[in-house]
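In what follows, a structure is listed as structure tokens, so that the remarks can point back to it.
The values are calculated or read from the model by the stated rules, or taken from the named source; none is laboratory data. These numbers were taken from a predicted model, which means no experiment stands behind them. Cβ sites come from the backbone with ideal geometry, for glycine too, and all protein chains shown count toward neighbours. Ligands, DNA and RNA are excluded from the accessible area calculation, which covers all protein heavy atoms including side chains. Shrake-Rupley method; radii C 1.70, N 1.55, O 1.52, S 1.80 Å.
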Amino acid sequence: MAVLEGVLERITYANEENGYTVARVDTGRGAGDLLTVVGSLLGAQVGESLRMEGRWSSHSQYGKQFTVENYTTVLPATIQGIRRYLGSGLIKGIGPVMADRITTHFGVDTLDIIENEPKRLVEVPGLGPKRTKMIAAAWEEQKAIKEVMVFLQGVGVSTSIAVRIYKKYEDASISVVKNQPYRLAADVWGIGFLTADKIAQAVGIPHDSPERVKAGLQYALSQSTDQGHCFLPEERLIADGVKLLQVDTGLVIDCLAELAEDPEGVVREKVPSPEGGEMVTAVYLVPFHRAEVSLAAQVRRLLRTPEERLPAFEDVDWDKALAWLATRTGASLAPEQEAAVRLALSRKVAVLTGGPGCGKSFTVRSIVELARVKRAKVVLAAPTGRAAKRLSELTGAEASTVHRLLELKPGGDAAYDRDRPLDADLVVVDEASMLDLLLANKLLKAVAPGAHLLLVGDVDQLPSVGAGEVLRDLLADGGPVPAVRLTTIFRQAQQSGVVTNAHRINSGVPPLTQGLKDFFLFVEDETEDAGRLAVDVAARRIPARFGLDARRDVQVLAPMHRGPAGAGVLNGLLQQAITPGRPDLPEKRFGGRVFRVGDKVTQIRNNYDKGENGVFNGTVGVVTALDQDEQKLTVLTDEDEKIDYDFDELDELAHAYAMTIHRSQGSEYPAVVIPVTRSAWMMLQRNLLYTAVTRAKKLVVLVGSRQAIGQAVRTVSAGRRCTALDFRLAGASGGGSSGKMIDQIGGKHHAALPEPERTGQDE
């Protein structure tokens, strides 16, 4: 073992999951020579003086380096070291300029002054009492976080998670970690059961502890909700639990029984198997069971209420109304569109579905026009900011996200609910395929008795990112909710290769890739080459050929996050191409990523505490500011809201030059580039490719293998999500057929395009 002392100058790579770090340190030898150190430098900050124990080695590519086994932080003793330490961004409120002023004033006594006499900082020009107080508080917090980090270092917890633990529990952090480690998985975002389990083992909790087994079962259920399931069949959950926990089946069964007795544990209930046929015992996490039961009850409540907030349409002369509408909009409706208009304005809950080019948007506009002329209060919403903007442009009325509409508060409760419903006669929600169980339940609770709710969406797209399959369940045969599916593709839309190929894919027919002005295929069988080509197409070729902006107008959509043509790798390559590093461009390295002003980013978790009404998984924006002194980064979202992120919150953000197709739901882009490669073979399904293609307004470019595209077109999504909403709704309607599609003209899908019936309308 050798000992090396030096100042941490920069971190060139850091794995947030296991703490493995590659860094450069200044050992004070002068001449600007920096040494490479590798190993677990969990919690070490740029600018800190470190005393490292480890071994010297020689790397074939990188030369001499020092492998760190453990380290301690040593406060710097020289003015230069103190200046570097304070200017590193370690203490909020002190950047390089202020660090220079403070050290110039106090010299080698600087750190002692901050520690023991922080009020004296006001002696420094430019430092007032408010900022002095903030610096003193940040110093104390940093010391406390360091103590937690030292404790967690032995169990491999990353810096950002150690900070989160401290922010959640503050002075109680070490006590909670020692005595209740499984609380971390429930309370702290970013800590799953596996991390909590590692900590629990380190603090001596037995492998077969009932506390461990219960936490593991709840983790397995939580993981299943991340995959879209509202419950798991009991036998499957037990098998998953045994595999995860490596304990006896009997112990898992006993602990599951105890959880079922706990009001906040799990709920067991008999429901139909997702595969159909026999009943199974479903096991739910409590919030998902409550939401599913509640959502079915809200649908029944809205359908059965005797109140009516659109009385003008109870005895309307429809022929006269539709004739007036045609003069107002300049185009008449197709028969199935007329059926949808009547349905939305005469039934309390209705669903309108259909693919691109079938006139959903025009139908919605027609419904809103008729409701408005009768002085109805119309409220428009969509799950994402982009979809809400599109709905607003279409109807000429204000539209908001569902989250803003409900005014969600910190913690996730909505300002509008059954006790305080929305003041609306008609509520229209577009892109309803994105509504997950929890959000749909909040929304329906807020619809006033007698108001009408119209859900509009394409049921053939991917289901919601969150748990549930709400739109599909509402459309199930035997349910009480009436629906219309639009199937006729209008003439204008038939001229679009994007629309034509979307319907071909949805019918199981390969897309046409030659002779079209807006749909192209670049064949590249090798995955890595396909990834690089997708980047070149998005960053250079499309902007040059079509005059589109690479950052704003072009979106790369990948089937997977991982792999050489996955969203993760492509984001790094696209950032280099579109927002490369420059000396005058502020940036912040976090883990293995670098954030720069101008970066396109997306939120990757629901955070109810940010922004006016929370920031939600999938929200996209652009980094507009990066403040090294205040240690924060500002994002302007698609909803034109400025959101600040502290540097220790940056694991809530990911780059969004490329994103997975799942994440793109509800959004629309002028151009999309889709790498379709054999490395994503298991993910290639028809509804995945269909969803990706239908995100494009003007242009689609596929990059990859014909074989992989064929696989995607042929493969129908296997297996339903585990939900029982359709079962609960069918029970509500007494098994009748009122939920079947009405006025289904032309069948469900079209392998070939039908003859056009109308002109002047387009999706």
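Quick test for you: out of 366, 361, pick the one residue that is more than 18 Å from residue 425 (Cβ to Cβ) and in contact with a Leu (Cβ under 6 Å, 6 or more places away or on another chain).
Answer to the selection: 361.
Take residue 280 and decide whether it is free of Cβ contacts under 8 Å to residues at least 60 places away in the same chain, of a type in the set (Val, Ile, Thr) and under 12 Å from residue 722 (Cα atoms).
Answer is yes for this residue.
If I ask for residues that are within 18 Å of residue 146 (Cα to Cα) and either out of contact with any Leu (no Cβ under 9 Å at 6 or more places or on another chain) or of a type in the set (S, T, N, Q) (or both), which ones from segment 70-86 would you list?
Within segment 70-86, 70, 72, 73 meet the criteria.
For segment 398-437, give me each residue that is outside any loop (DSSP other than H, G, I, E, B) and under 22 Å from residue 353 (Cβ atoms).
399, 401, 402, 405, 426, 427, 428, 429, 432, 433, 434, 437, listed by residue number.
So is residue 448 open to solvent by less than 20 Å² (accessible area, probe 1.4 Å) and touching a Ser or Thr at 6+ places or on another chain (Cβ under 6 Å) or not?
Working: open to solvent by less than 20 Å² (accessible area, probe 1.4 Å): yes; touching a Ser or Thr at 6+ places or on another chain (Cβ under 6 Å): no.
Considered against the rule, which asks whether it is open to solvent by less than 20 Å² (accessible area, probe 1.4 Å) and touching a Ser or Thr at 6+ places or on another chain (Cβ under 6 Å), residue 448 comes out as no.
Free of Cβ contacts under 8 Å to residues at least 24 places away in the same chain and of a type in the set (S, T, N, Q): does that describe residue 222?
no
From the list 426, 443, which one is open to solvent by less than 30 Å² (accessible area, probe 1.4 Å), in contact with a Leu (Cβ under 9 Å, 6 or more places away or on another chain) and under 24 Å from residue 619 (Cβ atoms)?
After applying the criteria, what remains is 443.
Search segment 274-296 for residues being at pLDDT 95 or above and small (Gly, Ala, Ser), and hand back the single one that is nearest to the chain's Cα centre (by Cα).
Checked segment 274-296; the qualifying residue nearest to the chain's Cα centre (by Cα) is 291.
Taking residue 569 as meeting all but one of (1) of a type outside the set (Asp, Glu); (2) over 20 Å from residue 713 (Cα atoms); (3) open to solvent by less than 60 Å² (accessible area, probe 1.4 Å), write down the number of the exception.
Residue 569 satisfies all of (1) of a type outside the set (Asp, Glu); (2) over 20 Å from residue 713 (Cα atoms); (3) open to solvent by less than 60 Å² (accessible area, probe 1.4 Å) except (3).
Counting only residues that are assigned to a helix (DSSP H, G or I), touching a helix residue (DSSP H, G or I) at 6+ places or on another chain (Cβ under 9 Å) and of a type in the set (Gly, Ala, Ser), how many does segment 566-606 have?
Matching residues across segment 566-606 total 2.
Identify the single condition in (1) farther than 30 Å from residue 257 by Cα; (2) in a helix (DSSP H, G or I); (3) out of contact with any His (no Cβ under 7 Å at 6 or more places or on another chain); (4) in contact (Cβ under 8 Å) with a residue 12 or more places away in the chain that residue 344 does not satisfy, given that it satisfies every other one.
Going through (1) farther than 30 Å from residue 257 by Cα; (2) in a helix (DSSP H, G or I); (3) out of contact with any His (no Cβ under 7 Å at 6 or more places or on another chain); (4) in contact (Cβ under 8 Å) with a residue 12 or more places away in the chain one by one, residue 344 breaks only (3).
Taking residue 390 as the residue in question, decide whether it is open to solvent by 30 Å² or more (accessible area, probe 1.4 Å), closer than 24 Å to residue 276 by Cβ and out of contact with any His (no Cβ under 9 Å at 6 or more places or on another chain).
Here the answer is no, as residue 390 does not meet what is asked.
Of the conditions (1) outside any helix (DSSP H, G or I); (2) surrounded by 16 or more Cβ atoms within 10 Å (Cβ to Cβ); (3) modelled with pLDDT under 50, residue 732 fails just one. Which one is it?
The one condition residue 732 does not meet is (1).
For segment 10-31, does any single residue satisfy the condition of being of a type in the set (Asp, Glu) and at pLDDT below 80?
Within segment 10-31, one or more residues are of a type in the set (Asp, Glu) and at pLDDT below 80.
Give just the number: which of (1) hydrophobic (A, V, I, L, M, F, W, C); (2) open to solvent by 10 Å² or more (accessible area, probe 1.4 Å); (3) assigned to a loop (DSSP other than H, G, I, E, B) does residue 362 not satisfy?
(3)
This table checks each residue for (1) among the aliphatic types (A, V, I, L, M); (2) open to solvent by less than 30 Å² (accessible area, probe 1.4 Å); (3) not in a helix (DSSP H, G or I).
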{"site": "172", "(1), (2), (3)": "yes, no, no"}
{"site": "175", "(1), (2), (3)": "no, no, no"}
{"site": "178", "(1), (2), (3)": "no, no, no"}
{"site": "185", "(1), (2), (3)": "yes, no, no"}
{"site": "189", "(1), (2), (3)": "no, no, yes"}
{"site": "195", "(1), (2), (3)": "no, no, no"}
{"site": "198", "(1), (2), (3)": "no, no, no"}
{"site": "204", "(1), (2), (3)": "no, no, yes"}
{"site": "208", "(1), (2), (3)": "no, no, yes"}
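Within segment 573-589, which residues are open to solvent by less than 30 Å² (accessible area, probe 1.4 Å) and within 22 Å of residue 701 (Cβ to Cβ)?
574, 575, 579
Can we say residue 350 is crowded, with 19+ Cβ neighbours inside 10 Å and under 16 Å from residue 481 (Cα atoms)?
yes
Among the candidates 619, 634, 624, which residue alone is free of Cβ contacts under 8 Å to residues at least 40 places away in the same chain and more than 16 Å from residue 648 (Cα to Cα)?
Every option except 624 fails the conditions.
Working only within segment 402-413, note down all residues that are of a type outside the set (Val, Ile, Thr), out of contact with any Gly (no Cβ under 7 Å at 6 or more places or on another chain) and buried (at least 21 other Cβ atoms within 10 Å of the Cβ).
Once the filter is applied, which keeps residues that are of a type outside the set (Val, Ile, Thr), out of contact with any Gly (no Cβ under 7 Å at 6 or more places or on another chain) and buried (at least 21 other Cβ atoms within 10 Å of the Cβ), segment 402-413 yields 405, 406.
When you scan segment 165-183, do you find a residue that is of a type in the set (A, V, I, L, M) and farther than 23 Å from residue 142 by Cα, even just one?
No: zero hits.
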